[in-house]
Structures are given as structure tokens and as C-alpha cells.
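Chemist: Quick one: this structure, given as C-alpha cells, is what I'll be asking you about.
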Amino acid sequence: MAYDPRPVEPAIYKRWLEAGVFQPRPDGAPYVIVMPPPNVTAVLHMGHGLDITTQDVLIRFERMRGRAALWLPGTDHAGIATQNVVEKLLADKGQTRFDVGREAFVRGVWEFVTKTGKTILEQLKVIGSAADWSRTRFTLDPDYSRAVREVFVRLWEDTLIYRGHRVIHWCPRCLTALSDEEAEHHETNGNLYYIEYPLVDGSGHVTVATTRPETMLGDTAIAVHPEDPRGRPYIGKMVTIPIANVQIPVIADEAVDKEFGTGFVKVTPAHDANDFEIGQRHKLEMPLVMTEDGKMGGAGDGGRVPSDYVGLDRFEARKRIVKQLEREGLLVKTEPHPHSVRRCYRCDSVVEPRLSDQWFVKMKPLADKVMRGYEQNEFTIVPDRWRATFENWMNNIRDWNISRQLWWGHRIPVFTCTTCKHQWADRVDPQQCRKCGGPVAQDPDVLDTWFSSWLWPFATLGWPEQTSDLKRFYPGHTLVTGPDILFFWVARMLMSGYHFMGKKPFSTVFLHGIVRDTKHRKMSKSLGNGIDPLVVVEKFGADALRWTCVANTALGQDLMLDPDDLETTFAPGRNFANKLWNIGQFVLGQLPKQVLPIESIDRRLMTLADRWILARAQHAILAATGHFSDYRLDEAAKRCFEFAWNELADWYVEAVKPRLTTNDQLSRTTVHAVLVYCFDTVLRLLHPVVPFITEELWQRLPNRKPTELLAAANWPEILPQFVDSEADVQFERVKRAIELIRSIRAEYRVSPKTKLRATIVARGNDQAATFEGERDTIVRLAQLDHLALDGAQQGAGAHAVFGDGSEVVVALEGLVDVTQECRRLSEEFERLDKQLTSLAARLTNESFVSRAPQDVVAKEREKEKAWRDQRDVLAGKLKSLGCS
Ligand SMILES: [Zn+2]
Ligand SMILES: [Zn+2]
């Protein structure tokens with residue numbers, strides 16, 4: 001009977017919730033993971049599948065180990081992302097947010113979020129998340145908003161927030177500034193345009209190269225490196241900007257890259273961050289030649305944009321300008337030029353660098369505190385290959401633009417007096433100016449979303465109040481996420497933790513990989529290569545989904561899944577659940593209601609098989625505990641799989657079957673105790689990875705009280721009395737003998753129904769005793785009717801040798817046509833021998849070896865070795881069959 005997870009999983013999840021097992025126990029050392037809050041409008045995707053499963057495994061593991069485990073969930077208001085969703089809904093009705101107005105728009109977003117915002121959390125439950133839902137937080141909750149405001153005001157008071165006038169990343173679609181991290185790099189096959197700027201004195205021209213010709217209308221200088229001999233004669237001369245017909249100087253600046261283009265670069269201070277700095281050094285004008293929505297012209301253009309270009313989209317303007325330059329003979333050439341272009345991480349529009357006034361956080365003092373803790377190993381990053389990237393970013397930290405020209409989010413608490421212009425940040429909305437009592441106006445912008453989520457590890461626990469949760473659960477332990485938000489979020493949480501709490505927020509940052517398809521492309525909506533986890537749960541069960549996420553992800557590596565073949569991708573998890581189910585059905589079917597605990601069984605009553613499986617159980621506990629602790633979840637899962645499937649089901653259960661029905665009550669009691677102990681251990685070890693089926697089976701074990709839950713049970717401890725390397729070695733030898741006989745049977749295609757006659761020639765008395773002791777097991781599992789252990793070989797047969805020198809011989813006379821088999825083997829031997837002779841001749845031929853490419857020669861040598869090995873095997877077979 002196949003296991004059907006569909007009725008089981010929701011019922012089990014309900015039991016866990018009702019029993020309150022996801023809440024931290026009142027005693028015990030805390031273990032805390034804060035869940036990266038998904039966007040409030042998010043819908044479950046495989047990225048969550050991997051991220052959430054990883055955290056759930058760790059939380060369940062530590063909870064079973066006796067820690068007061070807290071997994072704190074919540075959602076992020078996700079400023080730009082959520083605003084975009086609602087703007088799209090408005091667009092369907094032909095409206096923009098400006099038609100609706102700020103207040104009504106924000107109200108609309110709240111309604112939308114209230115209606116749909118819980119979807120993602122409900123979906124996280126479907127895959128088994130053992131989070132403490134009673135502590136769920138939202139980054140716009142009143143308490144949380146208070147923490148955000150407190151943080152802003154404290155930074156303001158510490159003069160770590162300032163108003164900056166500089167070139168920032170601007171999204172012309174979202175109409176807002178973006179941080180460096182929000183403006184993502186994308187490789188693009190662009191062009192490099194070489195443009196002539198005529199010298200005003202008529203003595204010629206200079207040529208500049210640019211990827212964005214439309215910005216030339218905003219040029220206020222041409223710059224050359226002071227030491228570049230090509231440029232030196234022109235310094236101080238004036239040139240005319242084509243099309244704009246404005247005269248600008250040629251200046252010298254060390255920031256110019258001599259290797260780029262012609263050595264002459266155009267300087268557009270309002271539309272390029274580097275040019276802005278050159279502009280500041282040389283006190284250049286800084287005209288803005290585009291509007292906020294990326295069209296040419298606008299109030300700040302100083303009349304530079306000709307009327308036929310005003311209102312044109314920037315990319316259309318680029319085409320027209322190139323054409324016009326071509327017509328006027330000022331376009332020298334166009335070269336293909338692959339380069340990186342920044343795009344908005346929320347809407348994918350090409351970001352336009354733009355001069356603007358924004359609020360910034362001074363990051364250096366915050367980063368320094370983190371790096372002091374980092375150097376003293378107060379926290380670690382796993383896997384450690386991310387350390388260099390982290391260090392590089394932290395050591396070259398840039399100030400953080402935190403203001404967004406959006407409506408959805410935390411309004412910036414900066415107030416300005418309209419009378420005396422006094423400006424300050426306030427914890428509460430002031431009625432009037434603190435200085436002169438005049439009317440005040442609040443800054444219209446909102447804070448970057450990450451300005452609230454960077455407080456997640458302590459604001460979720462009630463900060464700035466000194467709550468009991470804050471005292472008990474800060475700092476946390478493991479922070480699990482993908483490397484894509486290392487800087488957006490993880491690094492900033494470290495900064496806020498050190499700055500506001502005086503302590504690290506967590507001790508380990510565990511960066512798992514990214515979910516990709518089989519072509520190594522990131523899964524995304526736009527590529528249509530995603531997998532819906534809920535479809536997977538419906539078809540295969542949540543345990544199968546989790547199994548695939550865990551077993552296929554080596555430490556920090558990406559998870560490759562095939563969206564076109566869910567069967568191959570998720571069936572292994574389902575098959576394993578079925579196997580566990582079947583082992584369970586068999587084991588449980590054999591057991592009485594009460595079974596003795598393993599500790600009370602007299603070891604002298606145990607057989608080699610008993611001692612062996614108990615030793616393997618200790619090994620599995622040790623390995624799984626170690627691997628889970630080291631974040632090698634896949635290794636842990638694989639060891640548990642091997643213990644359950646190979647060791648317990650395929651060997652132990654098969655070896656002890658007769659004892660389950662024997663009249664020897666002591667033997668039966670012993671087997672029952674061993675079986676229950678081992679199966680119970682399997683379920684505990686596998687519970688963090690596949691919690692549903694393990695809970696379901698565990699409920700059915702003997703001696704179970706109805707209130708007990710595996711989710712709240714203890715992690716298995718090593719029982720030292722069962723660590724038994726002697727039993728390990730001895731039973732492995734018995735297994736090996738059986739496997740060798742089985743492989744001979746398969747090789748000579750002897751029907752499984754035919755009983756074989758075999759001889760084992762043991763090397764040494766110790767081994768002979770082992771085989772003698774397990775004679776019945778060998779006879780039964782290898783399907784023998786006779787096993788000789790006295791060394792006398794029984795006629796012609798096939799033999800195989802153990803690694804340690806013992807031999808197995810299977811009599812084949814009467815079962816296979818020995819004469820024909822000999823002929824077949826000799827022919828094969830002859831053929832191989834001939835091939836080898838000619839290959840060997842080639843390899844001793846100097847002219848071949850010296851002339852052929854080295855890798856070809858190496859391949860031939862490898863081939864020669866493989867053929868020699870094959871020939872030796874054939875020779876062995878010929879000998880053991882007694883062929884002449
Ligand atoms: Zn955008
Ligand atoms: Zn005032």
C-alpha cells in the first residue's frame with residue numbers, strides 16, 4: 001500500500017498547532033532564528049521552499065535537542081514591490097496613484113494588504129513550518145513602526161543621517177530613488193558612440209566616446225587626464241556641444257580613465273555619479289536634461305534641450321541624436337560595447353543616474369563596529385567563501401540612500417518649520433515649530449523598506465521596550481538566507497544590532513544557494529521556469545518537497561530543479577516516504593502493544609545482527625547530529641536514509657525475520673526491542689527533514705502515550721554500550737559473502753528460485769567463527785541449499801575473493817553449461833588479448849608517443865590499464881570454472 005500524504009499532513013500540522021509545540025519551551029537555553037520576512041504580497045515559490053525548509057530543519061533539530069527554540073515569523077510591507085502591485089491594479093482601471101491622491105492610495109494599499117497579506121504565511125504552514133505564529137510581526141505594525149522611528153531619530157541625534165545633494169540611482173518607472181543594492185547590474189550588449197565636439201576656435205575637434213549619447217545635452221565640460229599627452233594641448237580650450245549648441249571647456253581631472261575610448265570624456269554632472277564628483281571639483285554647472293519619468297527636457301535643463309527633443313523618451317532620443325550626429329558628420333563610429341547597465345530590482349527599468357536631494361545614513365561608523373566584532377569571530381559566515389565578498393563590501397561601504405519617493409511605507413519623521421526653516425526629526429508628530437511656534441511640514445518621502453527590516457532581530461522582540469522576550473531571545477543564533485540579500489539585509493542587520501543593542505544580532509550567517517532550473521537559470525516569473533510548491537505538495541506531499549530541497553543541496557550550493565519534469569525531481573522524496581511507510585507497516589505489524597526498552601535487554605541474548613544494527617544506529621546518530629550542527633543538511637539526510645533503507649530495512653529486518661515468529665520468547669523479545677529502538681531512532685533522526693510521515697509513524701509505535709508528539713520529543717543520544725566496532729566488522733563480512741554469492745548468481749543468470757551450493761574458505765579462525773555463527777543467515781539470504789565452511793571446494797564453479805582474503809565459491813556444475821561458458825569466456829579472452837597486444841605495440845612506438853597529443857596518449861594508457869584488468873578478471877573466471 002502506498003502512503004498518501006494528503007489526509008495526513010494537514011491533520012498532523014493541526015495537532016502541532018493545538019499542542020503549542022512551535023512556541024519556545026519555558027526552560028532551556030534559547031535557540032533563535034528570525035525568519036526573513038517575505039513580502040506581504042508574496043506568493044510561495046521554490047525560493048521560499050528551500051529557504052523555509054532549511055530553517056525549519058534547524059529549528060526542529062535544536063528543539064529536539066532541548067533548546068527553547070524560537071523561529072520568529074512575519075511579513076515585510078515591501079515598499080516598492082507592494083506599491084507596484086497596487087499601482088498595476090489602478091492602471092487596469094486607467095488610473096495612476098496621482099489621480100487617487102496620497103491618502104486614498106495608502107488606504108487602498110492597506111485594504112489590499114489586509115485582504116491578501118496572510119496568503120504567504122498560510123502557504124508556509126502547508127510545507128510544515130514550525131514557526132511561532134503567536135509572535136508574527138509585520139514591519140508596519142504600530143509597535144514596529146515605533147521602533148523604526150526611534151532608530152531614525154537616534155541616528156539623527158547622533159548626526160548619522162544627513163541630507164545629500166548628489167547623483168543617485170533613479171527609477172523613471174517607480175519614480176523613486178534606489179539604493180546601490182536596489183539598482184542591480186545587468187550585462188548588456190550596448191554600443192559605444194564616438195562623437196566629435198568641434199573646437200570653438202575652429203582649429204579642429206575632440207572626439208569623446210559614450211554609451212549614452214542622449215546625456216550629451218547635459219554636458220558641462222570635456223575632461224582629460226592631466227598626464228595624457230593626447231589631451232594636454234587642448235586643456236583650457238572651448239568646444240561646442242553638437243545639437244545643444246552650448247560652449248563648454250576642456251578640463252584636466254585625474255579621475256579620467258586614460259584607457260577608455262579616446263582619452264577625452266564628456267562630463268555630465270547631473271546624470272552620472274563620477275561626473276558629479278568632477279563637477280564638484282571644478283564647480284561646473286549641473287543641468288538636469290531629463291524629467292523624473294525619463295523624458296528629455298524639463299524645468300532644470302537650462303534651455304539646452306532643443307524643442308524637437310523635448311518630451312521624447314530617453315531611448316527614442318538616443319536614436320534620434322545618433323541619426324542627427326550622423327547627418328551632421330559628427331559621428332565618427334559606433335562600436336559594439338558589452339557593458340553593465342543598472343536596472344530597478346522591482347520593475348526592471350533601466351535606472352537613470354540623477355542629481356537629487358535625498359536622506360543618507362553615514363555607514364562607516366556602523367560598519368566599523370561590525371568589523372570589530374567580525375575580527376574577533378563574534379559571528380561567522382557559512383560557507384566561508386562568502387567572507388571575502390562580505391569583507392570587501394564592508395570595508396568599502398558607501399552611504400545609504402534611505403529616502404524613497406513613494407507613498408507606501410514609513411513616512412520620514414523629519415519636520416521643517418515653514419516660517420523659520422528649523423528642521424528636526426521627531427518621535428511624535430509635532431503641532432508646531434519647536435523654535436518659533438510656526439507651522440510645520442513633514443518630509444513627503446518614505447523610508448527604504450530595508451530601513452525597517454534591518455531592525456528585524458530586535459524590533460520583533462519589542463525594542464525599544466526592554467521586554468522579557470528581548471532579554472531572553474536577543475541575540476539570536478542562526479540567520480538563514482540566500483546570498484542575494486547579504487548586503488540588502490544581513491550586513492545591515494549586523495550594523496543595527498551592534499549599534500542599537502551593542503551586540504551582534506546572531507552568531508552564524510548561513511547562506512544557502514539559489515534555486516535554478518536545469519539550464520542554471522534562476523527561477524523567475526518572467527522566464528516562466530518556476531515550480532509552484534503547492535502543486536508539488538498536492539502531488540507528492542510536503543515531505544517529498546522538503547526531501548528534494550534538503551537532499552539535493554550541498555552546503556551553500558545552488559539547488560537545480562527541472563520545472564518540466566516534476567516526477568523525476570520530486571519522486572525520490574515520495575518514494576522514500578513510501579519506503580518508510582512500508583518499513584513501518586511491516587515492523588508495526590510484528591509488534592505487541594508493549595515492548596521492552598532497549599536498555600533493559602541482556603546483551604548476551606543479542607545476535608551479531610542485533611549488535612550490528614545497534615552499532616549502525618549509534619553511527620547514524622553521531623553522523624546526523626554532526627552534519628546538522630555543521631549545516632550539512634544533505635549529508636545528515638543521506639546518512640539517515642542509508643540507515644533506514646539499507647541497513648535497517650534491507651539487512652537487519654531480512655536477517656531477523658525468522659526470529660519474529662520463533663517460539664523462543666527471549667529471542668523474540670530481543671528482536672522486538674531492537675526493532676522498536678532502531679525504528680524510533682530512524683523517525684527521530686529524520687523528523688527535521690520529513691516531519692509529517694515521521695510523526696504519523698511515531699504515533700503508532702508501541703508504548704506511546706496519546707499526548708506525546710515527535711515534534712516535541714528528544715533527539716536520540718548515543719548509547720555507548722552499543723558502540724561496537726567488532727560487530728560492525730563481522731557483520732559486514734557476512735553481508736559481503738551474501739553479496740558475492742548474489743552477484744555470481746546474477747552473472748551466470750541462475751534463476752532466483754534455484755538454490756545454490758556454496759563454499760566459503762575463511763581466512764583465519766576468527767573469520768571462520770563469524771561465518772559459522774551466521775550460517776543460517778547466509779544460507780537464507782543467499783538462497784543456498786548447502787554451505788560448506790570446511791574449505792573443500794565442490795566441483796567446478798565461480799569464485800570471488802573478499803578484500804581481506806577469504807573466498808567464496810559457488811558450484812555451477814549442472815546449473816550452467818560449463819563447456820559452453822568456457823568457450824564464451826575463452827573467446828572473449830582471446831579477443832581482448834589481441835586488442836591489448838596491438839594497443840601495447842602502439843604505446844611502445846616512439847613516433848606515436850612523441851607525436852600524438854599528450855591527452856590522447858594518456859587516454860590510450862588508461863584504456864590499456866582497463867583492458868588489462870578486464871583480462872585478469874576473465875582469466876580468473878576461466879580458472880575457477882576449471883576451463884582448460
Ligand atoms: Zn522601478
Ligand atoms: Zn520655526
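Chemist: Residue under question is THR176, and the condition is that it be farther than 17 Å from CYS347 by Cβ, crowded, with 18+ Cβ neighbours inside 10 Å, at pLDDT below 95 and in contact with a Lys or Arg (Cβ under 8 Å, 6 or more places away or on another chain); does it hold?
Modeler: It is false that THR176 is farther than 17 Å from CYS347 by Cβ, crowded, with 18+ Cβ neighbours inside 10 Å, at pLDDT below 95 and in contact with a Lys or Arg (Cβ under 8 Å, 6 or more places away or on another chain).
Chemist: Collect the residues in the stretch 202-225 that are touching a residue at least 60 places away in the same chain (Cβ under 8 Å) and assigned to a loop (DSSP other than H, G, I, E, B), keeping them in residue-number order.
Modeler: Across the stretch 202-225, the qualifying residues are THR211, ARG212, THR220.
Listed here are the residues, each with its yes/no results for (1) modelled with pLDDT of 95 or more; (2) within 16 Å of ligand 1 (Cβ to nearest atom); (3) of a type in the set (Gly, Ala, Ser); (4) out of contact with any Phe, Trp or Tyr (no Cβ under 9 Å at 6 or more places or on another chain).
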position: ARG342; (1), (2), (3), (4): no, yes, no, yes
position: CYS347; (1), (2), (3), (4): no, yes, no, yes
position: SER356; (1), (2), (3), (4): no, yes, yes, no
position: TRP359; (1), (2), (3), (4): yes, no, no, no
position: ARG372; (1), (2), (3), (4): yes, no, no, no
position: PRO383; (1), (2), (3), (4): no, no, no, no
position: ALA388; (1), (2), (3), (4): no, no, yes, yes
position: ASN392; (1), (2), (3), (4): no, no, no, yes
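Chemist: Still on this structure, please answer the following. Test each condition in (1) surrounded by 16 or more Cβ atoms within 10 Å (Cβ to Cβ); (2) assigned to a strand (DSSP E or B); (3) without any contact (Cβ under 8 Å) to a residue 40 or more places away in the chain for ILE397 and report the one that comes out false.
Modeler: (2)
Chemist: Go through the stretch 233-251 and give me each residue that's touching a residue at least 24 places away in the same chain (Cβ under 8 Å), open to solvent by 30 Å² or more (accessible area, probe 1.4 Å) and hydrophobic (A, V, I, L, M, F, W, C).
Modeler: MET238, VAL246
Chemist: Please give the helices (runs of 4 or more DSSP H) falling wholly within the stretch 797-884 in which 1 or more residues are within 23 Å of ARG736 (Cβ to Cβ), among the acidic types (Asp, Glu) and out of contact with any helix residue (DSSP H, G or I) (no Cβ under 8 Å at 6 or more places or on another chain). Lay out the reasoning, then the answer.
Modeler: On the way: elements: 818-844, 846-851, 854-880.
It comes to 854-880.
Chemist: Where the second residue is more than 7 Å from ligand 2 (Cβ to nearest atom) and in a loop (DSSP other than H, G, I, E, B) and the first is in contact (Cβ under 8 Å) with a residue 24 or more places away in the chain and within 16 Å of ARG411 (Cβ to Cβ) and lies in the stretch 426-439, which pairs have Cβ atoms under 6 Å and are six or more apart or on separate chains?
Modeler: Once the first residue is in contact (Cβ under 8 Å) with a residue 24 or more places away in the chain and within 16 Å of ARG411 (Cβ to Cβ) and sits in the stretch 426-439, its partners that are more than 7 Å from ligand 2 (Cβ to nearest atom) and in a loop (DSSP other than H, G, I, E, B) give ASP426/PRO413.
Chemist: Which residue, of GLY513, GLY530, is touching a His at 6+ places or on another chain (Cβ under 7 Å) and of a type in the set (Gly, Ala, Ser)?
Modeler: Result: GLY530 is the single residue among GLY513, GLY530 that is touching a His at 6+ places or on another chain (Cβ under 7 Å) and of a type in the set (Gly, Ala, Ser).
Chemist: Please enumerate the residues belonging to the stretch 633-658 that are crowded, with 20+ Cβ neighbours inside 10 Å and among the charged types (D, E, K, R).
Modeler: Matches in the stretch 633-658: ARG639, GLU647.
Yes/no per residue for (1) at pLDDT below 95; (2) in contact with a His (Cβ under 6 Å, 6 or more places away or on another chain); (3) surrounded by fewer than 23 Cβ atoms within 10 Å (Cβ to Cβ); (4) within 24 Å of MET296 (Cα to Cα):
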position: GLU187; (1), (2), (3), (4): yes, no, yes, no
position: PRO198; (1), (2), (3), (4): yes, yes, yes, yes
position: SER203; (1), (2), (3), (4): yes, no, yes, no
position: VAL206; (1), (2), (3), (4): yes, no, yes, no
position: ALA209; (1), (2), (3), (4): yes, no, yes, yes
position: GLU214; (1), (2), (3), (4): yes, no, no, yes
position: PRO226; (1), (2), (3), (4): yes, no, yes, no
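So that you can scan it fast, the table gives a plain yes or no per residue for (1) of a type in the set (Ser, Thr, Tyr); (2) under 29 Å from the mean Cα position of the chain (by Cα); (3) over 30 Å from ASP293 (Cα atoms); (4) at pLDDT 90 or above:
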position: GLY94; (1), (2), (3), (4): no, no, no, yes
position: PHE98; (1), (2), (3), (4): no, no, no, yes
position: GLY101; (1), (2), (3), (4): no, no, no, yes
position: TRP110; (1), (2), (3), (4): no, no, no, yes
position: LEU121; (1), (2), (3), (4): no, yes, yes, yes
position: ILE127; (1), (2), (3), (4): no, yes, yes, yes
position: ASP132; (1), (2), (3), (4): no, yes, yes, yes
position: ALA147; (1), (2), (3), (4): no, no, yes, yes
position: LEU155; (1), (2), (3), (4): no, no, yes, yes
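Chemist: Still on this structure, please answer the following. So, in the stretch 397-428, how many residues would count as being charged (D, E, K, R), over 15 Å from LEU447 (Cα atoms) and either touching a Gly at 6+ places or on another chain (Cβ under 9 Å) or within 16 Å of ligand 2 (Cβ to nearest atom) (or both)?
Modeler: Going through the stretch 397-428 one residue at a time, the tally reaches 1.
Chemist: Please find, among THR449, THR460, THR478, the residue that is polar (S, T, N, Q), touching a Lys or Arg at 6+ places or on another chain (Cβ under 7 Å) and away from ligand 2 (no atom under 16 Å from the Cβ). Working first, answer last.
Modeler: Working: THR449 fails: touching a Lys or Arg at 6+ places or on another chain (Cβ under 7 Å); THR478 fails: touching a Lys or Arg at 6+ places or on another chain (Cβ under 7 Å).
Selected residue: THR460, the only one of THR449, THR460, THR478 that is polar (S, T, N, Q), touching a Lys or Arg at 6+ places or on another chain (Cβ under 7 Å) and away from ligand 2 (no atom under 16 Å from the Cβ).
Chemist: Confirm whether PHE628 is buried (at least 20 other Cβ atoms within 10 Å of the Cβ) and without any contact (Cβ under 8 Å) to a residue 60 or more places away in the chain.
Modeler: Considered against the rule, which asks whether it is buried (at least 20 other Cβ atoms within 10 Å of the Cβ) and without any contact (Cβ under 8 Å) to a residue 60 or more places away in the chain, PHE628 comes out as no.
Chemist: Could you pull out the residue among ILE613, ILE583 that is at pLDDT 95 or above and part of a helix (DSSP H, G or I)?
Modeler: Among ILE613, ILE583, only ILE613 is at pLDDT 95 or above and part of a helix (DSSP H, G or I).
Chemist: Follow-up. One residue is enough: does the stretch 186-197 have a residue meeting the conditions in contact with a Phe, Trp or Tyr (Cβ under 8 Å, 6 or more places away or on another chain) and either of a type in the set (A, V, I, L, M, F, W, C) or closer than 21 Å to ILE80 by Cβ (or both)?
Modeler: The answer is no; no qualifying residue exists.
The values are calculated or read from the model by the stated rules, or taken from the named source; none is laboratory data. Because the structure is predicted, anything quoted here is derived from the model rather than measured. Virtual Cβ from ideal backbone geometry, glycine too; neighbours counted across all protein chains shown. To get the accessible areas, we keep the full protein, side chains included, count just its heavy atoms, and leave off ligands, DNA and RNA. Shrake-Rupley method; radii C 1.70, N 1.55, O 1.52, S 1.80 Å.
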